[in-house]
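Reviewing the structure listed below.
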Amino acid sequence: MAVWSEVAGEDPPPPLPPSEGGESSGALSTPAPTDADDGDKPPPRTSKPGRKRLFLTASVLLSFLIGLPLLLKSTEIHRSPLPSDAIAALSRRLHSNPPSFPCGLHAVFLSFGRAPLEASAANRIEREISTQLVDLPAASTAGNISVSVTVDSAGGCFSSGKAASYWRCGAVTTVDLVRGDEVFDELLHSALGGGGADGMRVYTVVFVDSDDGMGLSIVIGKHRHAWVVGKVDEGEVVSIIGKVFVKYFLNGGVEEGEAGIVKREFMPVGSDGNIVLSFSLLNADPSDWVYDWEFEKIGERMLIPVIEALRPIANINIESQVLYHTPKSSYSYYDDKLGGNVLSVGDIPFFVNSNEWHLDTSISATGRSKVLQFVVYIPSARECPLYLQLPDGELSKTNAFISPMWGGVIIWNPLGCSLNSKPHGALDKMSSQELMETIEIFIGQLRQLFGLKSSYHEQSMDGATKFITSPKGFAQWELDLLYRHHACSNLLSCLTTLESLSSLVQSLPRMIVMDEIGRQVELSLEAANLAQRNASIGISDSSAVSATRARALAEDAFFHPSVMSISYASIEHYFAIYMPFFAPVSLHVLLAVIKELKRYKVERGKYSAFLASQASTS
């Protein structure tokens, strides 16, 4: 830098030589310059100005210019490209054409004890049912409904032109009704081909013409069919078939105005598709009595079919524990008529004692898994027996209640409590029968948490309605309903997450986007597109699996550690970090170059003037 601040120290130019003519006599001599003239006119330069200082200064500036791209490259933020166009295309498809599942309704008429129906009856009844379905409210997840009719009578077996189910004519007759509903349910399942075919789901409603004097009865099976038994005319049968199909197979048995799975916007499933069912046995006061259970031996065996049935929408893990010294936090009062303590519905929100009930000890709940707590509460001797009173004043039959998105609680009064036996503090065990009854109540509570009814009581719909229970805890038509709803819900949730991630990346230019995030987004879009394709052809379980995976991948991309661990700043903040160092240095280098360039031009001008004067004198 010392070189840059030096002043050019060239020697003063030598005196001009005498004129070549040597004419000194008779000519006026040029007066010597005065001090004032020396101050106004710069001295002439007789040598060519050097360029060393100019090149040195320019090389410093050039080094800065060359290093600028390297600096920008070293501070460059890696941003994997996100398929924003594909996300926008998915949004347009889901909003313009929401996911819906086409399904089929197959009506079968068994009329062996009456005059045979004509072959044209199948096509006529098909048109009547199709006309009726237009006026019945169906779920938003229901797509196009194809109707087919089969008439199996003594005069022959006829099907309409759109028969969508493999009904084996003559495999089931009205005589099979006497074998019981469970047996008849399996016979229908076999006559319909076992229901194992892939593709669009077809629901069957069988009308059995029987004049047994019992009136009209409706039975909903545990597969994808129901049957109506009675003696009614054709128009009424068509009306009943349409109502059964829409009310149960499409809407899940939810009455108008009731809250059910169709009206729910959330489900007790983690965003990663995992659920942990935590079962806890709480001994309020171990000094009175201590109970244990064989949950691993009995409870888990009963829950395995439930886990397998719900696998397309959730990966379920089970845990169990026994806790002690767990009093409730709500108040109960003694009722002389009932001979026990009563807990009103208004005190239920304060029943769970979060300070004493250490339930959140799950080791399986990782990431964004959902934990559902199922608690068996054993009251102490001073509050036993403890009953749950309903708003209408009646006692709860199950003595249990649920808390949405949290779990369920069963108040279990020990047998010794009812017999007024003295507390002994010894270790007892719940009997196998008691534990099985408790697990059945828990399965009913799990059904409620998923938006279904805990159990279907006999309902009046043009006759008595009965339901065949499934060992899986969920009938096949109920699982189809859950699959359809979860597929639609997870697709919309996946889209919301992807749109939020795309908007976040676009709003933060300095945000790091790893290649793994871009890959997760691409896989999520592929799974979402696959779920849409499966939904369009009515495969609800495969669509639910793909939609769950699409949502889980979208959530993984949005909550990626590289996204959450870095605080991103604006471009102004980026310049504020580097400007205090680079601005002063760059400014001084630039000013030095400008100053040196001006000096070089002045010196070159002096030298040019000297050459011009030399040329004029010669």
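The table that follows gives values for the structure above.
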quantity	calculated
Pair SER330, SER190: separation of 7 Å Cα→Cβ label points (nm)	4.9
Kirkwood Rh in Å, taken over the stretch 274-450 so that all alpha-carbon pairs contribute	16.9
Efficiency of FRET from Cβ geometry, GLN506 and ASN529, R₀ 22 Å, rounded to 0.05	0.45
Theoretical FRET efficiency, 1/(1+(r/R0)^6), r = Cβ-Cβ of LEU415 and VAL178, R0 35 Å, to 0.05	0.30
Length released on extending from LEU390 to ALA576, taking residue separation times 0.36 nm less the Cα-Cα span	60.3 nm
Sorted peptide list for 63-70, 51-58, 512-519, criterion being average Cβ within 10 angstrom, highest first	512-519, 51-58, 63-70
When each of LYS337/LYS397; LYS243/LYS466; LYS397/LYS453; LYS328/LYS397; LYS243/LYS397 is checked by Cα-Cα distance, pairs over 19 Å	LYS328/LYS397; LYS243/LYS397
Relative packing of peptides 316-325, 199-208, 600-609 - highest average C-beta neighbours within 10 Å first	199-208, 316-325, 600-609
Segment GLU516-THR496, extension gain: residue separation times 0.36 nm, minus the distance between their alpha carbons	5.2 nm
Net lengthening on full extension, GLU234/SER320 (0.36 nm per residue, minus Cα-Cα)	25.5 nm
Most to least packed among 389-397, 552-560, 482-490 [average Cβ atoms within 10 Å]	482-490, 552-560, 389-397
Cut-off 15 Å (backbone N to label point 7 Å along Cα→Cβ of LYS466), residues of the stretch 164-190	175-188
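Each value in this text was obtained by applying a stated rule to the coordinates, not by laboratory testing. This is a predicted model, so every value here is computed, not measured. So basically every Cβ, Gly included, is an ideal-geometry build from the backbone, and we count neighbours across all protein chains shown.
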